[in-house]
1. Accessible area of segment 1-52 with a 1.4 Å probe: how many percent of it is carbon plus sulfur?
2. Starting with the highest mean, order 19-32, 70-83 by the number of other Cβ atoms within 10 Å, averaged over the residues of each peptide.
3. Send over a whole-number figure in Å² for the accessible area per residue of segment 1-60, probe 1.4 Å.
4. If the chain between ARG47 and HIS15 were fully stretched, how many nm would it gain, using 0.36 nm times the residue separation less the Cα-Cα distance?
Amino acid sequence: MAVPHGPTGVGQARHRMRKDLRIIGVPDSVIDDAVLILSELLSNAYRHGRPLSPEGDGRRDGDEEDKDGGIRAAWRVDAHGRLTVEVTDGGGPTRPVPATPSVTARGGRGLNIISALSQDWGVRDASGEVTVWAALSVHDSFATRVAAGPRPAFADIDELT
């Protein structure tokens, strides 16, 4: 999906993702997590990244909106029930990394939120593009993981004491 480079397209993308995932039967709790991940990725892309180059091969599937240099958002569920959410922009001056904001900071928590909600996330670089992606299971929402209780940080935690 082509998204304008700025805050205006975030709501449209969230709405479309929610609709698409409901159609294929993804549970609402997982959809909520995925929509929040998409929001954070898109917000980071327009705050820290450049628009995609209109000259490049920015157009996909005949999507006319891409030609004016925006951001690309995509999501898919594979055969194993892994939902991957991706946002591609034109790159920025720094590589996306989680921040350590102060308690009173107004921002800087986006990648930490993504890390908490997803099973995995990462960054892919291509010529003139940067894609940040996050993956989660359609069978295991954040709410389910929290209800199950905390997981020890180490498999052999008893050996540490």
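The values are calculated or read from the model by the stated rules, or taken from the named source; none is laboratory data. The structure displayed is predicted, hence computed values, not measured ones. Note that we place each Cβ from the backbone using ideal geometry, even for glycine, and neighbour counts take in every protein chain shown. All accessible areas refer to the heavy atoms of the entire protein, side chains included, with ligands and DNA or RNA removed. Shrake-Rupley method; radii C 1.70, N 1.55, O 1.52, S 1.80 Å.
1. Numbers: 1310 of 2570 Å².
The C+S portion of the solvent-accessible surface of segment 1-52 is 51 percent.
2. 70-83, 19-32
3. 54 Å²
4. Value of the extension gain: 9.5 nm.
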